[in-house]
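To start, the structure under review is shown below, and the notes come after it.
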Amino acid sequence: MVSPPFRLVIHGGAGTMNKSRATPEIRSMYKAALSHALLAGYAVLSAGGEAMDAAVAAVSSMEGARPALA
């Protein structure tokens with residue numbers, strides 16, 4: 001398998017997660033949202049898009065997930 005000529009790195013935000021309320025379901029939602037962000041950025045890059053557009057796609061997907069994760 002050949003690796004793509006790019007790498008995409010994300011983080012889960014600047015807020016804090018209350019570990020005492022972090023149920024397995026909530027952790028699963030966070031992981032799913034992070035995976036979705038990676039896929040959104042990857043889609044842009046793999047189609048030949050610009051790095052800035054990939055970053056915007058990844059961040060936008062995380063912003064869209066925020067109410068579900070609050």
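See the values below:
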read-out	value
Ratio of Rg to Rh over the chain (Cα coordinates, Kirkwood Rh, two decimals)	1.04
Angle in degrees between helix 51-69 and the longest Cα principal axis of the chain, rounded to the nearest 10	20
E63/V2 FRET efficiency (R0 22 Å; Cβ-Cβ; nearest 0.05)	0.10
R0 of 35 Å, Cβ-Cβ distance A22-A43: FRET efficiency to nearest 0.05	0.75
Given charges at Cβ of Lys, Arg, Asp, Glu: the chain dipole, positive-most of A40, S28, V56	S28
Heavy-atom SASA rank of M52, M29 (probe 1.4 Å, accessible area, largest first)	M52, M29
Extension reserve of the H11-V56 stretch, reckoned as 0.36 nm per residue once the Cα distance is removed	14.8 nm
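The values are calculated or read from the model by the stated rules, or taken from the named source; none is laboratory data. These numbers were taken from a predicted model, which means no experiment stands behind them. Counting neighbours? That spans all protein chains shown, and the Cβs are built from the backbone with ideal geometry, glycine included. In case anyone asks, the SASA skips ligands and DNA or RNA and just uses the protein heavy atoms, side chains included. Shrake-Rupley method; radii C 1.70, N 1.55, O 1.52, S 1.80 Å.
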